[in-house]
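These notes concern the structure reproduced below.
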Amino acid sequence: MKFYRNALVPTLAVLAVSALVAYAAQPASQLSTQTTMQKKSADPGSADAVAIFAGGCFWCMEPPFDKLPGVKATISGYTAGRIDNPTYKEVSRGRTGHTEAIKIVYDPDVITYGQLLEVFWVNIDPFVADRQFCDRGSQYRAGIYFLDDRQRQLAEASKSTIMAKFDKPIVTEIEAADTFWPAEEYHQDYYLKNPYQYKFYRFNCGRDQRLKSIWG
């Protein structure tokens with residue numbers, strides 16, 4: 001993701017101007033909806049549950065879950081690393097052991113962890129290690145990070161189900177959750193704040209093209 005962000009700066013600058021014009025022209029009701037989505041609470045309530053998944057660029061992992069009934073928030077961040085309070089600059093160098101991930105706060109009475117796993121799998125490339133799509137390095141590895149034994153069992157069962165569908169080995173890691181460090185604010189809800197830049201990045205990274213070739 002770092003390479004594409006740097007390489008696309010000139011084009012994204014032009015797109016940013018267009019995005020501002022388009023954003024200003026949106027109906028007030030639509031702007032209000034977007035603002036509300038950006039202010040979702042990241043703190044789980046007493047009846048809420050949490051899931052932590054990694055699937056490459058965290059910008060691209062928020063949208064599939066945000067639209068699900070029962071999901072209250074998605075937070076981009078870093079997990080499974082060796083240092084405290086990592087920054088994007090540190091993680092992007094691939095030296096901290098962290099991977100870009102998302103924390104999902106959800107209502108288990110509306111949506112189950114198993115259903116979240118189903119959405120997770122069809123949004124990653126499960127055949128590759130230490131990369132996803134155009135983004136290379138261990139900081140973009142895919143993974144499921146369980147918070148209790150029940151989540152571990154469900155994660156392993158879901159992986160077995162996926163393995164039965166393909167001849168290739170599934171290399172997505174399943175590990176106990178470590179500390180989740182929220183990413184910098186400009187990464188949060190990036191697809192809402194910068195829709196044109198986000199779509200341009202996602203297309204040029206080949207994410208949807210690859211997902212379609214795997215999952216149909």
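Read-outs throughout are calculated quantities, based only on the coordinates presented, and are distinct from any laboratory measurement. This one's a predicted model, so the numbers in the text were calculated from it and none came from an experiment. With ideal geometry, Cβ positions are generated from the backbone for all residues, glycine too; neighbour counts draw on all protein chains shown.
What the table below lists for this structure:
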read-out: Placed amide H near Lys72: partners under 5 Å, 5+ positions off or other chain; value: Val105, Tyr106, Asp107
read-out: Virtual paramagnetic centre 7 Å along Cα→Cβ of Thr87, amide N under 19 Å, in segment 165-193; value: 181-188
read-out: Summed side-chain charge close to Gly206 - residues other than Gly206 whose Cβ falls under 14 Å, Lys, Arg +1, Asp, Glu -1; value: +4
read-out: Sorted by Cβ density within 10 Å, fewest first, the residues Val110, Val128; value: Val110, Val128
read-out: Per-residue HN-Hα couplings for segment 81-86 [Karplus 6.51, -1.76, 1.60; θ = phi - 60°; Hz; x = Gly/Pro]; value: x, 10, 10, 8, 6, x
read-out: Added length on full extension, which subtracts the Cα-Cα distance from 0.36 nm per residue, Val171 to Arg95; value: 25.3 nm
read-out: Under 5 Å, built H, 5+ apart or other chain: amide partners of Ile174; value: Ile144
read-out: Environment charge at Ile162 (Cβ cut-off 15 Å; Lys +1, Arg +1, Asp -1, Glu -1); value: -2
read-out: Residue-by-residue Karplus 3J(HN,Hα) for segment 181-192, coefficients 6.51, -1.76, 1.60, Hz, glycine and proline x; value: 9, x, 6, 4, 4, 5, 7, 6, 6, 4, 5, 8
read-out: Calculated FRET efficiency for the pair Ala129/Gln153, C-beta based, R₀ 22 Å, to 0.05; value: 0.40
read-out: Estimated distance in nm for a label pair at Lys67 and Met163, the labels positioned 7 Å out from Cα along Cα-to-Cβ; value: 3.1 nm
read-out: From phi via Karplus (6.51, -1.76, 1.60), per-residue ³J(HN,Hα) for segment 63-75 in Hz, x at Gly/Pro; value: x, x, 8, 4, 7, 7, x, x, 7, 9, 6, 10, 10
